[in-house]
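Visitor: Quick one: structure below, then a few questions.
No lab work stands behind these numbers, since they all come straight from the coordinates. Because the structure is predicted, anything quoted here is derived from the model rather than measured. Please note: Cβ atoms are built from the backbone with ideal geometry, for glycine as well, and neighbour counts cover all protein chains shown.
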Amino acid sequence: MKDKSYERGSQAEGEAEKSTRWDILVSVHRVRKYIKSLSIWSFLNNYETNLAKKRYLVLGLEGIILCSSLNPPKRRVDHIVQYKINNKMCTHFVVFRPMLEEFLRMVSRWYTIILYTTKEKEFADGVASYLERKHPVFEKCLYRNDCDYADDRLLLDLDKVSTDLSSVVVLDYKFGQHTNTLPIKQFCGSPKDRSLLSSGLILDCLRFCSDVRSILELAHL
């Protein structure tokens, strides 16, 4: 016989999870409405120009589109990356963010996708080759040696993506560096994560903006 208090607790957790998902969808809906309202007044005259403008979506690896571990996790493993450094074999067990391939297929219609990571080149290439096993995804890959180093941190140099930063969107959970950043919750391996869905909806709207920073900077207020 089940403990009623346990059932009530499980029910409360379920309702909280539904509420969180609903809040995410409501927030996305509001952002889309706001962008469309701005489009009417600010971007309509440049509608064709905005559509023709080349857009860039910058994606990192750890915590953004995947999480990895040097030890076999208890949860599922989607891919294993192995490479040698100083004659020592390194093995990474990779879990991809839910709906990743659908997300990449969708946003590739609107954006040129750039992989830009602070991880090792060997690891990044191992992930990229797996994601591109069916068709090309990334126009180019940038690695740790392409980053700037300041205040004991590795920072992305967006000028290496495009000289026109008004057309660059960076999907990242660390959104203090650039006003080009579209914030996303850090991915830690949950199979219930749906953050790419909401991000895809916002990216759909951002492609109509003459300067994506005019919207993304609202996340930094």
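Visitor: For the residue pair LYS84 and ARG109, what label-to-label distance in nm results when each label sits 7 Å from Cα along the Cα-to-beta-carbon direction?
Guide: Distance between label points: 4.5 nm.
Visitor: Between GLU217 and ARG133, what is the spin-label point distance in nm, taking each point 7 Å from the Cα along the Cα→C-beta axis?
Guide: Those two pseudo-labels are separated by 4.4 nm.
Visitor: Starting from 0.36 nm per residue, how many nanometres of slack lie between LYS185 and SER210 once their C-alpha separation is accounted for?
Guide: Length difference between fully extended and current span is 6.4 nm.
Visitor: Whose amide H sits under 5 Å from the amide H of THR181, counting only residues 5 or more places off or on another chain, with H placed in the peptide plane?
Guide: VAL170
Visitor: Now a separate question. Only counting other Cβ atoms within 10 Å, I'd like HIS92, HIS135, HIS79 sorted with the fewest neighbours first.
Guide: HIS135, HIS79, HIS92
Visitor: Taking amide H positions as placed in the peptide plane 1.01 Å from N, state which residues far from GLU62 in sequence (5 or more) or on other chains have amide H under 5 Å from it.
Guide: Placed amide hydrogens put nothing under 5 Å from GLU62.
Visitor: Give the long-range amide H neighbours of CYS90: residues separated by 5 or more places, or on another chain, with amide H under 5 Å away, using H modelled in the peptide plane at 1.01 Å from N.
Guide: Result for CYS90 returns TYR83, LYS84, ILE85.
Visitor: Can you list the HN-Hα couplings for segment 202-217, worked out from phi with the Karplus curve (6.51, -1.76, 1.60; θ = phi - 60°), rounded to whole Hz and with x for Gly and Pro?
Guide: Karplus-based 3J(HN,Hα) across segment 202-217 equals 5, 4, 4, 6, 4, 5, 8, 7, 6, 9, 4, 5, 5, 9, 5, 5 Hz.
Visitor: Using the Cα atoms as the points, what is the convex hull volume per residue of segment 77-221 in Å³?
Guide: 129 Å³
Visitor: If eta is 1.567 mPa s and T is 4 °C, what Stokes-Einstein diffusion coefficient results for segment 159-208, Kirkwood Rh from Cα pairs, in µm²/s?
Guide: Here the translational diffusion coefficient equals 106 µm²/s.
Visitor: For LYS74 and ARG153, what is the calculated FRET efficiency with R₀ set at 30 Å and r taken between the beta-carbons, to the nearest 0.05?
Guide: 0.45
Visitor: Suppose the chain between ASN145 and ARG194 were pulled fully straight at 0.36 nm per residue; how much longer would it get relative to their current alpha carbon spacing?
Guide: 14.5 nm
Visitor: Work out the charge dipole of segment 77-221 with +1 on the Cβ of Lys and Arg and -1 on the Cβ of Asp and Glu about the Cα centre, then indicate which of MET106, ALA150, SER162 is farthest towards its positive end.
Guide: Checked the options; the winner is MET106.
Visitor: Using the crude model of +1 on Lys and Arg Cβ and -1 on Asp and Glu Cβ, and no other charge, please compute the dipole size for segment 70-123 relative to its Cα centre, in debye to 20.
Guide: 140 debye
Visitor: How long are the three semi-axes of the equivalent ellipsoid of segment 120-187, in whole Å, if each is the root of 5 times an eigenvalue of the C-alpha gyration tensor, listed from largest down?
Guide: In descending order, the three semi-axes are 22, 15, 14 Å.
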